[in-house]
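The structure under discussion appears below in the form of structure tokens.
The values are calculated or read from the model by the stated rules, or taken from the named source; none is laboratory data. Bear in mind the structure is a predicted one, so any value in this text is a computation, not a measurement. Don't worry about glycine lacking a Cβ; one is built from the backbone with ideal geometry, like all the others, and counts go over all protein chains shown.
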Amino acid sequence: MTIVDAHVHMGKPSRPVFGNAVQYTAEQVLRKMDEAGVDHSVILPIPHVYDNDYVAESARRYPDRLIPWAYVDPWHHPNPRDSFARFAEQGFRGVKFRAVSLRYNLSDHQLLDPILEASRENNLIVSMHTGDDPACTPLQVEEMARTFPDLTILLVHAGFRVLAEEAILVAERCPNIYLDETAGTSWQLRRALEVIGPRRVIYGSDSPFMDTRVELVRFRTAISDPEALELAIGGNILRVLSGRGSEAVAGHGVGREA
Amino acid sequence: MIVDVHNHLGEPWGTRLHQTPDELLVKMDRARIDKAVVFPFPFGNFDNDYVARAVRAHPDRFIGFVMASPFMKEDLIDVIRHYCTDEGFRGVKLHPAAHGYKLSETGVCGEILALCSELDMPILVYTGDELYATPFQTSIAAQAYPDVTFIMAHSGFMMQTNDAVLVAQRCPNVYLEHSSGISLGVTQSVNAVGAGRVLLGSDTPHMDFEVELFKIEITVPDPVDRSLVLGGNAARLLGLN
């Protein structure tokens, strides 16, 4: 069973983030992964620090273990065609949007449509932080998912607890939305499996803020069916990364194909 | 003794959320939880009688908290008094975000807070990433009623964890409970205010006991500290033997 943590922050923050001066180098990430039995991790910068180059460089050093994701500040991409092609050249596989920190709404077509189009053109998966602010609700993600039906969207935190049912509803209605259950509750994870099944539910830990092992315990306690568990804690994100559609076989490794 | 201070009981209509006493007992036995603080789900049709029946049936396992809202009918005070004196409940659960007020509005919720002071009842209050449930709002109430113990449920979840810890540092009558919050927050809390004001809570059926127990296990390595968090503090606060 291949275990993939779809949500790990890393890097060296210039100042404390959320009150914690978290420094998380590639080596620290790998130690944590080994301790938890995680094979691969999607790595993205520490929130607010946006040091994408550090993430790209770390993933280049450990291409078998680390899958780089970039943070995007949409206000700084006047020409996304160029800048997103550059993300792809650097090896990034996806881009993360955190609307609540940067004051825009996920439903903002004028700001985001060119950026989402550039993501699609460059085969970048997009991840949307949701659930703790009116700037980033699951229904706004649905707006985006309907505008770009062939763009793969990870709905991160699955709306947290407050908007959990809304996240499940939009996942039910939009096949290109996946629920990244990072930092959600056990109940919403079970409910998502009941409603949308095991193929679009994804494990992530939000390490170092959450603990990789704690979040694995959450998945293993909530999911008793071994096939569903295998999909949720690795199979699904690997299939998404392979870009081979919903019925493709997982477990091909994590690097971009040569 | 392991005491979990945050569990819902009830079968309210209009929601998928439910948990019967028997379901909770099975989960408690599986995870070796000795006692659970129990109260209704926060929806408008909350049913304290359901909880009272469960506590009467299992007095050695369940500790009742009465769910209250300032917008209950004029018998609000009588209701709280009834559960705390006649039914042996040991505290009050407040959910400002669900009931449409803020804990900083002491003109609205002051009557409840004053009664908790009179009856010596701790308050478990929902806090999180919501405008109607910020930790700073709890600090206003905690400073206005310094002899009432406020347990911040979720300790601000994720983005408000820092504020929750800050409030606990300023208010000695504030305790922190981290159900479904970030793991790092537990470490932060213990470092900032000591293990003596941190409590185990699982918020079942939202979270599984196993997850919250494991979180405490890895974030509170010191055995003395850990036994306080897992039960010692709750036993002291709730007068358990």
Within region B:112-170, residues of a type in the set (Asp, Glu) and within 14 Å of another protein chain (Cβ to nearest Cβ) come out as B:Asp129, B:Glu130, B:Asp163
Specify the residue that is farthest from the other protein chains (Cβ to nearest Cβ); the eligible residues are those in region A:190-213 that are in a helix (DSSP H, G or I) and crowded, with 24+ Cβ neighbours inside 10 Å. A:Arg200
Please work out which one of (1) part of a helix (DSSP H, G or I); (2) more than 9 Å from chain A (Cβ to nearest Cβ); (3) surrounded by fewer than 24 Cβ atoms within 10 Å (Cβ to Cβ) is the condition B:Pro221 fails and give its number. (1)
Picked from region A:10-33 (must be within 11 Å of another protein chain (Cβ to nearest Cβ) and more than 21 Å from the chain's Cα centre (by Cα)), the residue modelled with the highest pLDDT is A:Pro16
If you take the residues of region B:171-215 that are assigned to a helix (DSSP H, G or I), of a type in the set (A, V, I, L, M) and within 13 Å of another protein chain (Cβ to nearest Cβ), which of them is nearest to B:Ile2 (Cα to Cα)? B:Leu213
If you check A:Gly11 against the conditions, is it among the small types (Gly, Ala, Ser) and under 30 Å from B:Gln169 (Cβ atoms)? yes
Could you tell me which numbered condition A:Leu179 fails, if it satisfies all but one of (1) under 16 Å from the mean Cα position of the chain (by Cα); (2) over 20 Å from A:Arg213 (Cα atoms); (3) without any contact (Cβ under 8 Å) to a residue 60 or more places away in the chain? (2)
Take the residues in region B:1-22 that are under 25 Å from B:His178 (Cβ atoms) and β-branched (Val, Ile, Thr); name whichever of them is surrounded by the most Cβ atoms within 10 Å (Cβ to Cβ). B:Val5
Quick check on this structure: which one of B:Phe157, B:Phe214, B:Phe209 is aromatic (Phe, Trp, Tyr) and within 14 Å of the chain's Cα centre (by Cα)? B:Phe157
Going through region B:188-205 in order, the residues found to be of a type outside the set (D, E, K, R) and touching a residue at least 60 places away in the same chain (Cβ under 8 Å) are B:Leu199, B:Leu200, B:Gly201, B:Ser202, B:Thr204, B:Pro205
Is there a residue being in a helix (DSSP H, G or I) and free of Cβ contacts under 8 Å to residues at least 12 places away in the same chain anywhere in region B:108-131? yes
Can you confirm whether A:Gly131 is at positive phi and more than 14 Å from every other protein chain (Cβ to nearest Cβ)? no
Over region B:143-170, the set of residues among the small types (Gly, Ala, Ser) and either assigned to a loop (DSSP other than H, G, I, E, B) or in contact with a helix residue (DSSP H, G or I) (Cβ under 7 Å, 6 or more places away or on another chain) (or both) is B:Ala144, B:Ser155, B:Gly156, B:Ala164, B:Ala168
Take A:Glu181 and tell me if it is within 15 Å of A:Ile153 (Cβ to Cβ), of a type in the set (Asp, Glu) and within 14 Å of chain B (Cβ to nearest Cβ). yes
Could you please find all residues in region B:108-130 being touching a helix residue (DSSP H, G or I) at 6+ places or on another chain (Cβ under 7 Å), under 30 Å from A:His157 (Cα atoms) and modelled with pLDDT of 95 or more? B:Ile123, B:Val125, B:Tyr126, B:Thr127
B:Pro70 passes all but one of (1) on the phi > 0 side of the Ramachandran plot; (2) touching a Cys at 6+ places or on another chain (Cβ under 8 Å); which number fails? (1)
Can you spot a residue in region B:44-60 that is at pLDDT below 95, more than 16 Å from the chain's Cα centre (by Cα) and more than 27 Å from B:Phe214 (Cα to Cα)? yes
With the condition kept exactly as written, say whether any residue in region A:144-154 is part of a loop (DSSP other than H, G, I, E, B), surrounded by fewer than 23 Cβ atoms within 10 Å (Cβ to Cβ) and among the charged types (D, E, K, R). yes
